Amino acid sequence: MVTLQNISKTYNKGAIKAVDQVSFKVKKGELFGLIGPDGAGKTSIFRMLTTLLIPDGGVASVNGLDVVTGYKEIRKQVGYMPGKFSLYQDLTVEENLNFFATLFNTTVQENYDLIKEIYVQIEPFKTRRAGKLSGGMKQKLALCCALIHRPTVLFLDEPTTGVDTVSRKEFWDMLKRLKDQGITILVSTPYMDEATLCERIALIQGGKIMSIDTPEAIIKSYPSPLFAVKSSKMSVLLEDLRKQDQVKSSFAFGEFHHLTFKENLPENQQSLLNDLEKLGHTCLEMKEITPTIEDCFIQLMSH
Amino acid sequence: MRTLLFLLRKEFKQIFRNKSLLPMIFAMPLIQLVVMPLAADYEIKNINISIVDHDRSPYSQQLISKITASGYFVLADFGDSFDAAFQQIEEEKSDLILEIPAGFERNLVRDKREKLFIAVNAINGTKANLGGAYLNQIIQNYNAEVRLEWINPARFNTIPQVEVASSNWFNPFMNYRFFMVPGILAFLVTMVAAYMSALNIVKEKEVGTIEQINVTPIKKYQFILGKLIPFWIIGVVIFSIGLFFVSRILYGIVPIGSVFLLYGFLAIYLVALLGLGLLISTYSDTQQQAMSVAFFIMMIFLLMSGLFTPIDSMPEWAQIVAYSNPLTYFIEVMRMVMLKGSGFLDIARHLLVMIGFAIFFNTWAVLNYHKST
């Protein structure tokens with residue numbers, strides 16, 4: 001439903017390459033995630049797909065309509081929720097919703113069934129000005145406004161940034177239910193832990209796509225077994241790990257350090273533990289783990 | 001049409017909800033219209049004069065009492081030393097020195113002529129000019145009286161003399177308020193229209209709401225009209241309050257010409273100015289930028305519009321600037337229609353120029369608006 005072919009975008013007359021030859025496809029009814037850190041080019045891609053930016057190169061289409069020539073038609077069919085809260089802060093919840101419904105030549109009643117589940121949560125505050133809502137409420141209102149014209153494709157640019165953990169979870173549940181209604185959803189996020197909530201993801205860094213697949217497949221394609229290790233002196237441990245010949249890569253990851261070995265040998269674990277003990281590390285703990293998306297991201301980035 | 005109406009409703013809701021914007025739009029221009037004409041007074045009173053009288057004769061006394069009785073001058077110092085009087089000027093206690101030489105009366109009677117010396121502090125140019133002119137006039141009157149006293153009336157009449165008597169047309173009493181109020185009203189309407197429209201559109205950019213608006217099927221002309229119409233209406237309302245309440249009731253200025261003609265011109269003028277506001281907004285990303293640019297333009301509009309200083313006395317390059325300024329035409333039309341009762345044909349040229357401005361600003365703004373999004 002959404003296709004991109006070698007899409008590029010530069011800023012400052014070519015000095016900054018924000019999006020570099022990006023290609024991917026999102027199928028109808030899919031929940032697709034664009035995962036990458038700040039400045040990876042996620043917002044630029046969204047703005048091009050929602051016809052707010054014209055790509056410098058490549059072709060992109062939404063619902064079979066070209067983003068450059070078919071922008072008028074696309075605007076009727078897609079819903080867009082920008083990363084920054086972009087509703088009228090001085091209008092009330094109800095007025096904002098009515099306003100956007102009117103701009104799309106529809107009414108709130110007509111599509112109430114679609115937003116009902118989300119709207120009931122903010123309905124008690126419908127006479128409150130949007131600017132006075134809490135972060136989670138603002139986000140729900142923005143989602144309602146983006147859905148009010150029953151779009152076939154929904155673009156959500158970092159919808160969970162700055163939202164608390166409980167609201168984030170709720171939000172993803174809502175997305176799943178919208179997906180069940182047949183809406184194609186393209187969502188971007190800098191949070192790697194949200195990647196597994198998508199059906200398929202694209203890992204993006206520096207304007208380039210590093211990998212596109214289901215989260216499971218991406219994790220499966222992790223090239224070598226991954227180990228987590230910890231000791232009483234974590235910062236010294238990381239330095240020591242990097243000095244070890246048999247260690248291929250190591251990086252800090254929460255309370256553990258994650259590492260991979262150069263060669264996949266059964267005695268790896270024990271020999272490393274022995275070496276570390278010799279270096280004076282105590283309370284050593286080591287285990288093999290399943291990689292997370294973040295591990296995959298770091299591994300892909302180091303290439 | 002339904003979308004446009006809804007846009008307008010939303011726009012008015014936002015304007016009337018903005019607790020700081022609303023007084024800015026309505027109260028501020030009216031307060032200025034009430035206060036500014038009272039301050040912008042061309043008649044200068046209370047000029048401080050130091051008189052150095054070396055003569056101390058009945059004649060010099062007579063001259064001095066004539067000067068102080070005129071109402072324009074305040075006797076700041078009276079003495080017989082020029083240096084002491086000059087000290088007064090240096091201390092800014094006095095604006096003018098009149099020195100009456102010793103033997104003033106004697107020379108006047110015997111030689112039939114005498115010279116007086118006037119020194120003017122020219123730091124405040126207007127005050128110096130007018131003060132010098134008033135003083136000259138008083139001395140001339142005094143001179144005429146002396147001549148009457150001394151010369152045999154029969155002989156006096158035989159001396160040919162040109163006397164000028166002037167009458168002030170359109171404003172017989174030279175009431176400067178008749179002249180200033182319409183001009184200031186024109187400027188205030190200009191300010192509100194240009195500032196408010198520029199700031200309002202930029203605000204949508206700054207807050208980010210324009211992003212959300214741009215992904216809707218709303219057409220550009222609908223969005224632009226939705227922004228311009230409210231300020232067009234507000235401009236007309238402010239103009240009406242200024243015209244009917246402030247200038248008519250407070251200053252007693254009744255337009256001699258057709259009020260409809262004024263409104264007709266205003267309608268086109270506002271389109272031009274809102275176009276300028278739109279243009280400023282297309283070049284700015286934040287309200288601060290828009291405010292600075294608008295302020296710069298408004299200052300030029302104000303100072304080079306003939307509101308305070310006549311355009312004819314400006315250097316040639318400044319006249320070109322003044323005639324490229326839409327406010328110049330509006331002020332001229334206001335004064336012509338309100339004071340002179342000019343009709344449609346008299347202001348037809350102004351009207352044409354204004355239509356030109358309206359097309360120019362709006363086309364430029366719309367072209368640039370397309371490019372920037």
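By the compact-protein rule of thumb, 2.2 N^0.38 Å, the alpha-carbon radius of gyration of the protein assembly as shown corresponds to a ratio of 1.52. Ordering B:67, B:102, B:150 by the projection of their Cα atoms onto the charge dipole of region B:47-158, which places +1 on the Cβ of Lys and Arg and -1 on the Cβ of Asp and Glu, puts B:150 at the extreme positive end. Computed from Cα atoms alone, the Kirkwood hydrodynamic radius reported for region B:47-158 is 14.6 Å. Treating each Cα of region A:191-284 as an identical point scatterer and summing with the Debye formula, the log10 of I(q)/I(0) at q = 0.24, 0.25 Å⁻¹ comes to -1.18, -1.24.
Sorted from greatest to least, the principal axis extents spanned by the alpha carbons of region A:2-219 come out as 46, 38, 32 Å. Taking trypsin sites (Lys or Arg not before Pro) as exposed when their DSSP state is a loop state and no more than 14 other Cβ atoms lie within 10 Å, the longest site-free interval of chain B runs over B:220-373. With a simple spin-label model that places each label point 7 Å from the Cα along the Cα-to-Cβ direction, the separation between residue A:16 and residue A:267 comes to 5.4 nm.
Reported to the nearest whole Å, the Cα centre-to-centre distance from region B:340-373 to region B:105-153 is 52. Comparing Cα centroids, region A:77-96 and region A:9-54 end up 22 angstrom apart. State whether region A:1-87 is rounded, prolate or oblate according to the following rule on the C-alpha gyration tensor (a ≥ b ≥ c being the square roots of its eigenvalues): a/c under 1.5 gives rounded; otherwise a/b larger than b/c gives prolate, and the remaining case gives oblate. Since a/c stays below 1.5, the shape of region A:1-87 is classed as rounded.
Within 10 Å of each candidate Cβ there may be at most 11 other Cβ atoms; applying that plus a DSSP loop requirement, which GluC sites (Glu not before Pro) in region A:94-146 survive? Loop-located and lightly packed - none at all. Neighbour counts of C-beta atoms inside 10 Å place A:209, B:49, B:311 in the sequence B:311, A:209, B:49, starting with the fewest. Placing unit charges on each Cβ (+1 for Lys and Arg, -1 for Asp and Glu) gives region A:213-303 a dipole about its Cα centre, and among A:235, A:214, A:289 the Cα reaching farthest toward its positive end belongs to A:235.
When the alpha carbon gyration tensor of region A:102-251 is reduced to an equivalent ellipsoid, its three semi-axes come out at 41, 19, 12 angstrom, largest first.
Charges at C-beta only: +1 for Lys and Arg, -1 for Asp and Glu. How large is the resulting dipole of chain B about its Cα centre, in Debye rounded to 20?
On the way: 29 positive and 27 negative charges, 409 e Å.
Dipole magnitude for chain B comes out near 1960 debye.
Charges were assigned to the Cβ only: +1 to each Lys and Arg, -1 to each Asp and Glu. The resulting dipole of region A:2-219 about its Cα centre is roughly 400 debye.
Scan chain B and report its longest stretch carrying no chymotrypsin sites (Phe, Trp or Tyr not before Pro) that are both in a DSSP loop and have at most 11 other Cβ atoms within 10 Å. Spell out each step's value before the answer.
Details: sites that count: B:42, B:169, B:173.
Counting at most 11 other Cβ atoms within 10 Å as exposed, the longest clean stretch of chain B is B:174-373.
Look at where the Cα atoms of region B:203-260 and of region B:44-102 average out, and the two centres are 55 Å apart. Of the residues B:166, B:60, B:70, the one that moves most in a GNM of chain B with alpha-carbon contacts below 10 Å is B:166.
Give me the percent relative contact order of region A:223-301, please, defined on Cα pairs under 8 angstrom at least 6 residues apart. Present the calculation step by step, with values, prior to reporting the outcome.
Values: 98 pairs, mean separation 32.5, N = 79.
So the answer I get is 41 percent.
When only C-alpha pairs under 8 Å and at least 6 residues apart count, what is the relative contact order of region B:88-147, in percent? All intermediate terms of the calculation are to be shown ahead of the outcome.
Details: 39 pairs, mean separation 17.8, N = 60.
Relative contact order comes out at 30 percent.
Per 10 Å bin from zero, what fraction in whole % of the C-alpha pairs of region B:224-294 is there, up to the bin with the longest pair? The percentages, shortest bin first, are 18, 39, 27, 15, 2.
All C-alpha to C-alpha distances of region B:286-325, sorted into 5 Å bins beginning at zero, yield P(r) values of 6, 26, 26, 16, 11, 9, 5, 1 percent in whole numbers.
Just need the Rg to Rh number for chain B, please, alpha carbons only, Kirkwood Rh. The partial results should precede the final answer.
Working: Rg = 28.4 Å, Rh = 24.7 Å.
Across chain B, the Cα-based Rg/Rh ratio is 1.15.
Residues A:66, A:90 in ascending order of nearby Cβ atoms (within 10 Å, fewest first): A:66, A:90.
Considering only GluC sites (Glu not before Pro) in DSSP loops that have at most 10 other Cβ atoms within 10 Å, the longest stretch of chain B without any of them is B:164-373. The magnitude of the dipole of the protein assembly as shown, with charges of +1 and -1 set on the Cβ of Lys/Arg and Asp/Glu and taken from the Cα centre, is near 1980 debye.
The relative contact order of chain B, computed from alpha carbon pairs under 8 Å that lie at least 6 residues apart in sequence, is 18 percent. Dipole orientation for region A:158-303: of the candidates A:186, A:161, A:254, A:186 has the Cα lying most toward the positive pole (charges on Cβ; Lys, Arg +1; Asp, Glu -1).
Are there any GluC sites (Glu not before Pro) in region A:229-303 that are in a DSSP loop and have at most 16 other Cβ atoms within 10 Å? List them by number.
Working: sites: A:239, A:255, A:263, A:267, A:277, A:285, A:288, A:294; in loops: A:255, A:263, A:267.
Passing both the DSSP loop test and the Cβ count: A:255, A:263, A:267.
I need the chymotrypsin sites (Phe, Trp or Tyr not before Pro) found in region A:201-287, filtered to DSSP loop residues with at most 16 other beta carbons within 10 Å of theirs. Here no loop site has a sparse enough neighbourhood.
Where a number appears in this text, it was derived from the coordinates with a stated rule and is not lab data. Since this is a predicted model, take the numbers as computed values, not measurements. Please note: Cβ atoms are built from the backbone with ideal geometry, for glycine as well, and neighbour counts cover all protein chains shown.
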